[in-house]
Amino acid sequence: MNVAILGASGYGGGELLRLLGGHPETKIAVATSRTHAGQRVEAAFPGMAKRLDVTFRESAAPEELAECAVVFLARDNGVAMREVPGLLDLGCKVIDLSADFRLRDTAVYDAFYTGPHAAPDLLREAVYGMPELHRDAIRNARIVGNPGCYTTAAILGLAPLLALDRNEPTVDRSSLIVDAKSGISGSGRSRFGLATHFSEANENARAYNIAGAHRHTPEIEQELSLVAGEPIAITFTPHVVPMTRGIIATCYATLRRPVSTDDLLASYRDFYADEPFAHVTDALPETKHTLGSNMLHIGLRVDQRVRRVTVVSCLDNLGKGMAGQAVQNMNIMCGFDETTGLNAPGLWP
């Protein structure tokens with residue numbers, strides 16, 4: 001099956017190249033990059049030399065894209081919403097790695113991004129690409145808004161708590177706090193500024209866009225509200241820490257009734273029992289546990305003294321937090337086994 005990656009020389013595009021290049025059902029027919037146009041893939045990703053026969057081009061003609069069953073858009077926010085209508089007219093399915101098709105409410109999109117949204121009807125049609133919550137809708141989708149790394153870790157870390165006992169919630173739903181830390185690659189390749197230079201990032205950790213100002217806050221609230229069946233608001237604080245890849249989200253909620261760590265772990269295991277890429281562990285997960293994989297690891301502890309549960313979720317921000325999840329969505333959309341091309345274990349150490 002032919003696929004296209006538009007914006008293939010960024011970090012997300014590079015991970016797509018690596019995963020789709022080894023996928024038994026796909027052929028990378030188009031890979032665009034303005035920076036490396038006319039050069040082979042190893043110009044941007046030296047590790048792919050002699051492993052991937054792909055040459056970047058500046059753009060792709062409509063007739064070439066029409067031959068692609070799936071087009072991955074790995075570009076900046078604000079680009080996909082202008083390109084998706086034409087791609088759908090060509091008969092392509094689209095998986096967008098930007099934020100253009102993640103939010104259902106156009107007013108929320110316009111408030112947090114550069115609005116107005118250019119394709120509001122398609123925004124409402126798009127499916128949020130989180131298989132653990134929306135697998136059936138993804139299967140029939142034309143457009144998938146692929147979730148980001150912070151949001152995947154936070155939403156899947158808290159979803160089982162909010163799904164418990166809707167009539168008598170286990171946690172105080174006004175008490176949710178997400179404290180998340182990202183590797184530097186999460187800010188992308190082309191937008192590197194001074195704050196991500198080695199001399200600025202090494203031996204340093206910083207919070208940013210706090211107190212509801214971060215663009216992922218409404219995305220997390222949107223999905224958790226669907227799980228809870230009522231509006232959910234959270235306190236979300238993101239940090240950048242000096243590691244290359246990884247997300248660790250530490251999520252807090254106040255308990256409304258007595259419950260043990262073992263009881264909640266059992267509930268989490270039930271919730272994710274059939275999920276191939278969600279692993280609930282007795283131990284507390286670490287970012288290196290998921291490095292290079294499409295896995296999400298979740299652990300938790302209950303502090304009876306203060307009636308609070310702490311959930312820790314970890315993933316690779318370029319894997320399950322981006323390109324790996326995009327390939328997982330493609331597999332579902334195209335009728336392949338969901339795990340195809342994604343079964344390699346994580347790297348260690």
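Readers should treat all values here as calculations from the given coordinates under stated rules, not as data from a laboratory. These numbers were taken from a predicted model, which means no experiment stands behind them. Cβ coordinates were reconstructed from backbone atoms using ideal geometry, including for glycine residues, and neighbour counts include every protein chain displayed.
Before moving on, here are some points about what is shown:
- Principal-axis tilt of helix 80-89 within the chain, Cα atoms, nearest 10 degrees: 60
- Among beta bridges that DSSP assigns inside the chain, antiparallel share in %, nearest 5: 50
- A simple count of charges around THR106, restricted to other residues whose Cβ falls under 13 Å of its Cβ and scoring Lys, Arg +1 and Asp, Glu -1, yields -2.
- Charge dipole (the chain, unit charges on Cβ, about Cα centre) - positive-most of PRO345, VAL227, VAL127: PRO345
- Residue pairs, from the table LYS181/LYS320; LYS50/LYS181; LYS27/LYS93, whose Cα atoms sit over 26 Å apart: LYS50/LYS181
- Ranking of GLU42, GLU223 by count of other Cβ atoms within 10 Å, fewest first: GLU42, GLU223
- Couplings 3J(HN,Hα) for region 252-257, derived from phi with the Karplus relation 6.51 cos²θ - 1.76 cosθ + 1.60 (θ = phi - 60°), are 10, 8, 8, 7, 9, 8 Hz, where x marks Gly and Pro.
- Summing Lys and Arg as +1 and Asp and Glu as -1 over all other residues whose Cβ lies under 14 Å from the Cβ of ILE155 gives a net charge of -3.
- Dimensions of region 149-283 based on its C-alpha atoms, expressed as ranges along the principal axes with the largest first, amount to 50, 29, 23 Å.
- Region 92-143 versus region 197-227: alpha-carbon centroid distance in Å: 20
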